[in-house]
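Before any comments, here is the structure.
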Amino acid sequence: MADLRVQKFAKILVEHSARVAPGDRILIEATTAAEPLIRELYIQILEKGGHPHPMIALPGMMPFSQDELYLTYASDSQLDFVPTFYKLAYDQFEGRIRVHSATNTHGLTNIDPARVQRRGKATGSITEAQMRRGAEGKFKWVTTLYPTDGYAQDASMSLKEYEDFVFGAVHAHEDDPIAYWNSTAAGQQKAIDFLAPKNQVILRGPNVDLTLSIKGRKFTNSTGVYNMPDGEIFTGPVEDSVNGWVKFTYPAIYQGVSVEGAELTFTNGRVETAKAEKNQDYLIKMLESDAGSRYLGEFAIGTNFDINRFTGNILFDEKIGGSFHMALGAGYPETGSKNKSSIHWDMICDMRKDAEISVDGELFYKNGQFVFKK
């Protein structure tokens, strides 16, 4: 029997996230492991008058740049090759829906980081087109995940438990899931309105002592347009304003490699020292990707308390209610960020105990909850 939650999941992605309109060309990126959702997306995009363009790979041949087989066997010239059809779609289409659907989430663990870095530079122009055209309102993109055994194992759940977790996090169990996502915007908007005229942000806690500026920057109210599930407010901090220290309390996972105990020290916006308890060499290598990789492109606060545990997947984990995260590398131009890079690496820090955020000297956030005067 078909899972009705899959149909509602597709509806959320097509109508709420990608906002498919008649004539829209929509790229669908996924692997065959997500076949039930791909079918529903295909049907519902057609019903909306759009033109679905599936780019479907085998689970070991992940779409776009995270391809284990490509990174293993490609020559240097092939690593430098910009994928033709993806480049065309990101430059010309009206939108894309990316469905992470790997069955082996550790396929890149033993790949030489230099090869990952080189491939990232080659596909950087595609990421840049997504950011730029998205900011211009010309490209509607959303990234999501379909539950597989690989993700379930990372989360220490059975596949059924993980399916319930994923469908619950996107609220596909609701009678009207789109109404739910629309309703989340008001509370987050109050926090954004408070932050709009502000300048200095100070984060203090057992794992952070950091200052940064948000002057002139715009916070995004993130409620399911670019990511699904969602629940965060984020901006791009002033590039040279970040000073201090942070130790991320959860593993920082990028391209399938888990860096544990990552600890960064910033001076005038730049990561000056970096260390980790596990895979420190990989962390350092990624920091050397390009001129922008040692600067922050994003500062965000997670607000989704339905995601109440770490699962090893950044799409969910960065939304954990009571946490903040930062992304090294590329920023979102619509926030005012000027940072450009071939990487965008989110790292998460828990703020639910003995921690606070103050803004221009006023307490804004304490122990995982907004406490500003509304």
When the helices in the chain are scored as -39500 (n - 2.57) per DSSP H run of 4 or longer and the sum is shared across all residues, what 222 nm value do you end up with, to the nearest 500 deg cm²/dmol? -8000 deg cm²/dmol
Normalised contact order of the range 4-180, rounded percent, pairs of Cα under 8 Å and 6 or more residues apart: 26 percent
Trypsin sites (Lys or Arg not before Pro) lying in DSSP loop within the range 1-85, provided at most 15 other Cβ fall within 10 Å: Arg19
How high is the relative contact order of the range 184-370? Use alpha-carbon pairs under 8 Å, at least six apart in sequence, and give a whole percent. 22 percent
Would you please give the FRET efficiency between Asp306 and Ser75, computed as 1/(1 + (r/R0)^6) with r the Cβ-Cβ distance and R0 = 56 Å, to the nearest 0.05? 0.80
Most exposed to least, judged by fewest other Cβ atoms within 10 Å, Arg119, Arg98 sort to Arg98, Arg119
Work out which GluC sites (Glu not before Pro) in the chain are exposed loop sites (DSSP not H, G, I, E or B, at most 16 other Cβ within 10 Å) and give the longest gap free of them. 1-135
Calculated FRET efficiency, Glu334 and Leu159, Cβ-Cβ r, R0 56 Å, to nearest 0.05? 0.95
Restricting the range 198-305 to chymotrypsin sites (Phe, Trp or Tyr not before Pro) in coil, as DSSP defines it, with at most 13 other Cβ within 10 Å: Phe305
Counting every Cα pair in the range 4-180, what percent are over 29 Å apart? 23 percent
Counting DSSP beta bridges in the chain, what percent are antiparallel, to the nearest 5? 75 percent
Over 21 Å (Cα to Cα) among Lys215/Lys285; Lys190/Lys218; Lys198/Lys374; Lys319/Lys373 -> Lys215/Lys285; Lys319/Lys373
Principal axes first, then extents: for the Cα atoms of the range 95-167, list largest minus smallest coordinate on each axis, whole Å, largest first. 40, 33, 12
Treating each Cα of the chain as an identical point scatterer and ignoring solvent, apply the Debye formula and state log10 I(q)/I(0) at q = 0.07, 0.08 Å⁻¹. -0.28, -0.38
For the range 184-370, what are Rg and Dmax over the alpha carbons, in angstrom? 14.9, 43
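Values quoted throughout were computed directly from the atomic coordinates according to the rules given, and no laboratory measurement underlies them. Please read all numbers here as calculations on a predicted model, not as lab measurements. Quick reminder, even Gly has a Cβ in these numbers, built from the backbone with ideal geometry, and neighbours come from all protein chains shown.
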